[in-house]
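Q: Let me give you the structure first, and then I'll get to my questions.
The values are calculated or read from the model by the stated rules, or taken from the named source; none is laboratory data. Because the structure is a prediction, the values reported are computed rather than measured. For neighbour counting, all protein chains shown are included, and Cβ atoms are generated from backbone atoms with ideal geometry for every residue, glycine included.
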Amino acid sequence: MLMHMRHTHPKLQFTHMLPYGAVIHDHGVQFVVFSRNASEMRLLLYDDVNDLDPAEIITFDPTSDRWGDIWSIFVPEVVPGQLYHFQANGPNDPSRGLRFSPHARLIDPYAKALAGTFQSSADGITRPPKCVVIDDTFDWEGDRHLRRELSESIIYEMHVRGFTKHESSGVENPGTYLGVIEKIPYLQSLGITAVELMPVHEFPILSTDGSQSERPNYWGYDPLAFFAPHRGYAADPTPGGQVVEFKQMVKALHDAGIEVILDVVFNHTCEGNERGPVHSFKGLENPVYYMLEHDKRYYKNYSGCGNTVNGNHPIVREMIFHCLRHWVHNYHIDGFRFDLASILSRDRNGNLVPNPPLVEAIGEDPLLADTKIIAEAWDAAGAYQVGSFGEDRWAEWNGRYRDDVRSYWRGDSGTRGPLATRLAGSADLYQPGGRPPCSSINFITSHDGFTLNDMVSYREKHNLANGEDNRDGDNHNFSENFGVEGPTNQPIIDQLRLRQIKNMIATLMLSQGVPMMVAGDEFRRTQNGNNNAYCQDNEISWLDWKLVEENAELIRFCRSLIEFRRNQPTVRRHHFLTGVPNSKDGWSDVSWYNPLGTAVDWHVPEQPIICLLASPLPADDPEGLGRDVLLMLNSGSLGSRFLIPTIAKSRKWRLFADTSLPSPHDVYPELNGPILGVSGTHTLPHKSMAVYVSVK
């Protein structure tokens with residue numbers, strides 16, 4: 001390669017050290033990168049995304065272009081759309097954790113977009129995707145964050161590509177940000193308030209060695225560039241086109257009243273362990289960006305993916321803050337879900353610490369004050385912090401909710417008490433720390449595991465398509481097939497499965513806390529029993545929109561429960577239920593009964609239970625929207641006759657939902673169902689649920 005000195009102009013000498021990345025100024029671009037141990041730094045400029053070699057190489061002068069550990073150079077006449085890499089030389093001494101390579105092409109950690117893909121060449125050096133200089137100018141037309149209260153939220157987890165990639169989606173741009181825009185009317189009709197997008201930051205489309213992967217990381221939990229929206233989800237192939245399309249998607253969702261939450265992965269990167277490639281962080285300052293073992297040749301692996309990002313190192317902590325602020329400011333993102341967030345609680349030696357600096361600072365950051373911050377409060381090394389992650393600002397994926405609700409509806413013994421605790425908001429987990437019910441993100445399914453349909457159709461996982469001999473994926477799913485493994489043509493079994501799906505959707509939408517559902521569960525999407533479809537970029541993972549028409553009954557049920565939740569403060573309180581009678585009429589905000597309508601003996605291992613929720617007092621419901629709600633749940637194997645408690649007989653009750661009944665009698669969206677008879681009894685078959693609401 002030819003070595004070129006940098007372009008200079010006597011009137012254009014810039015000394016900007018911050019921010020990092022490629023920063024546009026008048027007449028050129030400032031390129032800024034951190035490296036403590038590099039002895040040389042170069043900037044590689046490309047003319048075309050397919051070029052193997054740069055058109056120009058500009059060498060940083062360490063005497064004038066280095067300030068402390070920051071390398072900064074201004075290049076005149078560079079404009080948005082310019083393609084580039086960094087190249088750093090320094091010690092290649094793995095025993096000290098240093099892995100510099102003078103030949104490696106390095107992605108800018110602050111790159112705002114990537115273009116192209118991995119390229120192999122005759123010299124054996126793999127070229128990663130090229131960085132793109134981006135102008136963030138965009139006409140938002142007054143768009144701002146929606147600032148919806150977390151307690152008012154109903155979250156819909158979805159994969160951008162899988163949402164519309166199937167040929168049945170009928171969109172003009174399948175598998176893209178623009179495809180999501182085309183499906184917004186469906187999202188509005190469903191009633192959800194926020195989409196939680198599986199990773200949209202850059203990750204490898206092909207293997208990091210440049211070859212086609214047999215198991216591509218379809219889910220996207222393999223970060224390559226944290227600041228850059230994924231180029232593979234853009235309809236426009238122009239370098240940087242994904243930036244505009246992503247903003248168009250966010251703006252359109254906001255126009256429809258739907259917030260956007262990003263699933264962010266600050267726990268590892270695609271560079272892997274000591275056998276992995278050098279594409280960015282390793283080649284710039286490996287021992288700063290990653291947690292290393294005492295023998296610095298090796299990487300700590302709390303992520304289960306080969307390496308662990310050193311999140312509580314000051315340099316990395318600063319990068320994560322810049323990244324979160326970048327998505328909030330430049331993309332109007334409404335919140336974040338932090339994958340394997342317990343890793344953020346580990347210090348630079350990997351120890352779990354109280355009040356970890358990064359976790360505390362994210363919760364206190366003023367620019368993030370309007371956003372939702374949600375933790376997956378565990379990691380792959382055994383940390384499990386559900387109920388104890390962070391302070392008030394942090395909500396958590398409640399894995400205990402998932403397991404207890406699944407176990408109850410499967411009919412497991414001794415699950416009535418745990419079900420009641422989860423239905424009431426998981427006070428056992430969040431109240432001791434002074435956190436509200438909305439700290440609990442309630443979910444029964446997520447991308448990781450069975451779909452809701454498969455959870456009631458398969459007793460065992462079926463992951464052979466992943467190429468790992470069915471060893472991958474969780475073996476503890478609390479699932480049941482009801483006599484047939486997989487699809488069945490037996491109407492009795494299929495009706496029971498549908499009833500179980502309705503039971504769990506109703507439980508989710510009527511629980512205190514914040515519900516999260518997975519795209520397609522409302523119309524029985526299946527992955528054919530695969531509970532770990534991370535590598536299935538095909539019809540196993542893509543949403544089959546033909547199921548919408550086939551399962552219109554279930555969608556109607558789901559929409560009705562969502563609408564009920566949005567209209568009823570009774571089931572989404574801001575404070576934990578107390579069970580204490582009030583002075584007005586002696587009603588408690590919550591009370592529990594056995595099927596005879598008398599007090600529950602929690603030591604008796606029976607499944608049926610009655611939950612009576614009183615409408616909130618005027619202080620918490622000034623508009624008087626709340627209704628009293630009476631829930632009857634029977635997860636047992638036998639039918640049960642329920643008698644409403646004596647105190648409830650002072651109210652007139654109308655049926656809202658009964659999962660044992662066929663459509664349209666399974667739910668009454670207008671709250672005009674049959675009135676409960678004077679006998680005050682309701683009989684439910686096995687594995688079913690009924691919901692009554694008081695008449696105004």
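Q: Where in segment 1-66 are there strands (runs of 3 or more DSSP E), lying fully within it, with 2 or more residues that are of a type in the set (Gly, Ala, Ser), at pLDDT 95 or above and surrounded by 18 or more Cβ atoms within 10 Å (Cβ to Cβ)?
A: Working: elements: 21-25, 28-34, 40-46, 56-59.
Result: 21-25.
Q: What is the one condition in (1) modelled with pLDDT of 95 or more; (2) surrounded by fewer than 20 Cβ atoms within 10 Å (Cβ to Cβ) that residue 527 does not satisfy?
A: With respect to (1) modelled with pLDDT of 95 or more; (2) surrounded by fewer than 20 Cβ atoms within 10 Å (Cβ to Cβ), residue 527 is out only on (2).
Q: Another question about this same structure. Do the conditions hold for residue 529, that is, is it under 22 Å from the mean Cα position of the chain (by Cα), small (Gly, Ala, Ser) and farther than 18 Å from residue 562 by Cβ?
A: On the way: under 22 Å from the mean Cα position of the chain (by Cα): yes; small (Gly, Ala, Ser): yes; farther than 18 Å from residue 562 by Cβ: yes.
For residue 529, the condition - under 22 Å from the mean Cα position of the chain (by Cα), small (Gly, Ala, Ser) and farther than 18 Å from residue 562 by Cβ - is met.
Q: Does residue 556 satisfy the criteria of being assigned to a loop (DSSP other than H, G, I, E, B) and basic (Lys, Arg)?
A: Values: assigned to a loop (DSSP other than H, G, I, E, B): no; basic (Lys, Arg): yes.
The answer is no for residue 556.
Q: What tally of residues in segment 150-178 results from selecting those that are part of a loop (DSSP other than H, G, I, E, B), free of Cβ contacts under 8 Å to residues at least 24 places away in the same chain and farther than 20 Å from residue 216 by Cα?
A: Residues of segment 150-178 part of a loop (DSSP other than H, G, I, E, B): 153-154, 159, 165-166, 170-176.
From the residues that got through so far, the ones that are free of Cβ contacts under 8 Å to residues at least 24 places away in the same chain too are 171-172, 174.
Next cut, farther than 20 Å from residue 216 by Cα only: 171-172.
Of the residues in segment 150-178, 2 are part of a loop (DSSP other than H, G, I, E, B), free of Cβ contacts under 8 Å to residues at least 24 places away in the same chain and farther than 20 Å from residue 216 by Cα.
Q: Tell me whether segment 263-275 contains one or more residues that are modelled with pLDDT of 95 or more, part of a loop (DSSP other than H, G, I, E, B), of a type in the set (D, E, K, R) and surrounded by 24 or more Cβ atoms within 10 Å (Cβ to Cβ).
A: Quick first cut of segment 263-275, residues modelled with pLDDT of 95 or more only: 263-275.
Still in the list and also part of a loop (DSSP other than H, G, I, E, B): 265-275.
Checking which are of a type in the set (D, E, K, R) leaves us with 271, 274-275.
Of the ones still in play, those that are also surrounded by 24 or more Cβ atoms within 10 Å (Cβ to Cβ) are 271.
Within segment 263-275 (the criterion being modelled with pLDDT of 95 or more, part of a loop (DSSP other than H, G, I, E, B), of a type in the set (D, E, K, R) and surrounded by 24 or more Cβ atoms within 10 Å (Cβ to Cβ)), the answer is yes, since at least one residue qualifies.
Q: Out of 285, 318, I need the residue that is closer than 24 Å to residue 86 by Cα, surrounded by 20 or more Cβ atoms within 10 Å (Cβ to Cβ) and of a type in the set (Asp, Glu). Which one?
A: Values: 318 fails: surrounded by 20 or more Cβ atoms within 10 Å (Cβ to Cβ).
One residue alone meets the criteria, 285.
Q: Provide a single number: the residues in segment 600-653 that are over 24 Å from residue 679 (Cα atoms) and among the hydrophobic types (A, V, I, L, M, F, W, C).
A: Selection size over segment 600-653: 5.
Q: Now for a different question. Being assigned to a loop (DSSP other than H, G, I, E, B), modelled with pLDDT of 95 or more and crowded, with 22+ Cβ neighbours inside 10 Å: is that true of residue 445 here?
A: Numbers: assigned to a loop (DSSP other than H, G, I, E, B): yes; modelled with pLDDT of 95 or more: yes; crowded, with 22+ Cβ neighbours inside 10 Å: yes.
When the stated conditions are applied, residue 445 passes them.
Q: Given the condition closer than 21 Å to residue 222 by Cβ, crowded, with 20+ Cβ neighbours inside 10 Å and small (Gly, Ala, Ser), answer yes or no: does some residue in segment 326-337 qualify?
A: So far as segment 326-337 goes, no, none of its residues is closer than 21 Å to residue 222 by Cβ, crowded, with 20+ Cβ neighbours inside 10 Å and small (Gly, Ala, Ser).
Q: May I pose another question? If you go through segment 181-198 one residue at a time, do you hit one that is within 17 Å of residue 231 (Cβ to Cβ) and touching a residue at least 12 places away in the same chain (Cβ under 8 Å)?
A: Yes, segment 181-198 contains at least one residue that is within 17 Å of residue 231 (Cβ to Cβ) and touching a residue at least 12 places away in the same chain (Cβ under 8 Å).
Q: Another question, then. Please go through (1) farther than 28 Å from residue 81 by Cα; (2) modelled with pLDDT of 95 or more; (3) in a loop (DSSP other than H, G, I, E, B) for residue 214 and return the number of the only condition it doesn't satisfy.
A: (2)
Q: Looking at residue 39, is it in contact with a helix residue (DSSP H, G or I) (Cβ under 8 Å, 6 or more places away or on another chain) and at negative phi?
A: On the way: in contact with a helix residue (DSSP H, G or I) (Cβ under 8 Å, 6 or more places away or on another chain): no; at negative phi: yes.
Considered against the rule, which asks whether it is in contact with a helix residue (DSSP H, G or I) (Cβ under 8 Å, 6 or more places away or on another chain) and at negative phi, residue 39 comes out as no.
Q: Same structure again: Condition check: among the hydrophobic types (A, V, I, L, M, F, W, C) and either in contact with a Pro (Cβ under 7 Å, 6 or more places away or on another chain) or assigned to a loop (DSSP other than H, G, I, E, B) (or both). Does residue 638 satisfy that? Can you show your working first?
A: On the way: among the hydrophobic types (A, V, I, L, M, F, W, C): yes; either in contact with a Pro (Cβ under 7 Å, 6 or more places away or on another chain) or assigned to a loop (DSSP other than H, G, I, E, B) (or both): yes.
Against the criterion (among the hydrophobic types (A, V, I, L, M, F, W, C) and either in contact with a Pro (Cβ under 7 Å, 6 or more places away or on another chain) or assigned to a loop (DSSP other than H, G, I, E, B) (or both)), residue 638 qualifies.
Q: Which numbered condition in (1) under 27 Å from residue 318 (Cα atoms); (2) in a loop (DSSP other than H, G, I, E, B) is the only one that residue 131 fails?
A: Only one criterion in (1) under 27 Å from residue 318 (Cα atoms); (2) in a loop (DSSP other than H, G, I, E, B) is unmet by residue 131, namely (2).
Q: Could you grab the pairs with beta carbons closer than 7 Å, sequence gap of 6+ or different chains, first residue in segment 471-499 and without any contact (Cβ under 8 Å) to a residue 60 or more places away in the chain, second one of a type in the set (D, E, K, R) and not in a loop (DSSP other than H, G, I, E, B)?
A: Note: pairs meeting the criteria are 482/497; 488/494.
Q: Let me ask something additional. When you go through (1) under 30 Å from residue 157 (Cβ atoms); (2) assigned to a loop (DSSP other than H, G, I, E, B) one by one for residue 597, which number turns out not to apply?
A: It is condition (1) that residue 597 fails.
Q: Something else now. Test each condition in (1) without any contact (Cβ under 8 Å) to a residue 60 or more places away in the chain; (2) more than 22 Å from residue 558 (Cα to Cα); (3) among the hydrophobic types (A, V, I, L, M, F, W, C) for residue 647 and report the one that comes out false.
A: Evaluating residue 647 over (1) without any contact (Cβ under 8 Å) to a residue 60 or more places away in the chain; (2) more than 22 Å from residue 558 (Cα to Cα); (3) among the hydrophobic types (A, V, I, L, M, F, W, C) leaves (1) as the failure.
Q: Just for segment 407-440: of the residues that are modelled with pLDDT of 95 or more and in contact with a Pro (Cβ under 8 Å, 6 or more places away or on another chain), which one is surrounded by the most Cβ atoms within 10 Å (Cβ to Cβ)?
A: Per the stated criteria, the residue is 425.
Q: Can you pull out every residue in segment 601-635 that is assigned to a loop (DSSP other than H, G, I, E, B), under 14 Å from residue 408 (Cβ atoms), out of contact with any Pro (no Cβ under 9 Å at 6 or more places or on another chain) and at pLDDT 95 or above? Show your work before the answer.
A: The initial filter retains those residues of segment 601-635 that are assigned to a loop (DSSP other than H, G, I, E, B), namely 601-608, 614-628, 635.
This time we only want the ones that are under 14 Å from residue 408 (Cβ atoms), so: 602, 605-608, 635.
In the following step, the residues that additionally are out of contact with any Pro (no Cβ under 9 Å at 6 or more places or on another chain) were identified as 602, 605, 607.
Within segment 601-635, no residue meets the criteria.
Q: Next question, about the same structure. List the number of the failed condition for residue 511; all other conditions in (1) within 26 Å of residue 666 (Cβ to Cβ); (2) without any contact (Cβ under 8 Å) to a residue 40 or more places away in the chain hold.
A: Only one criterion in (1) within 26 Å of residue 666 (Cβ to Cβ); (2) without any contact (Cβ under 8 Å) to a residue 40 or more places away in the chain is unmet by residue 511, namely (2).
Q: List the pairs whose first member sits in segment 375-402 and is among the small types (Gly, Ala, Ser), whose second member is in a loop (DSSP other than H, G, I, E, B), and whose Cβ atoms are under 6 Å apart, counting only residues at least 6 apart or on separate chains?
A: Note: pairs meeting the criteria are 375/389; 377/385; 377/386; 377/389; 380/303; 380/304; 381/302; 399/386.
Q: Output yes when any residue across segment 500-509 is touching a Pro at 6+ places or on another chain (Cβ under 7 Å), assigned by TED's automatic domain parsing to the domain that holds residue 154 and buried (at least 17 other Cβ atoms within 10 Å of the Cβ), and no when none is. Write out each step before concluding.
A: Initially, segment 500-509 is screened for residues touching a Pro at 6+ places or on another chain (Cβ under 7 Å), giving 508-509.
Now narrow it down to the ones that are assigned by TED's automatic domain parsing to the domain that holds residue 154: 508-509.
Add one more test, that the residue is buried (at least 17 other Cβ atoms within 10 Å of the Cβ), and what stays is 508-509.
Yes, because at least one residue in segment 500-509 is touching a Pro at 6+ places or on another chain (Cβ under 7 Å), assigned by TED's automatic domain parsing to the domain that holds residue 154 and buried (at least 17 other Cβ atoms within 10 Å of the Cβ).
Q: Separate question: Over 23 Å from the mean Cα position of the chain (by Cα), of a type in the set (Lys, Arg) and modelled with pLDDT of 95 or more: does that describe residue 402?
A: Working: over 23 Å from the mean Cα position of the chain (by Cα): no; of a type in the set (Lys, Arg): yes; modelled with pLDDT of 95 or more: yes.
No; evaluated as a whole, the condition is false for this residue.
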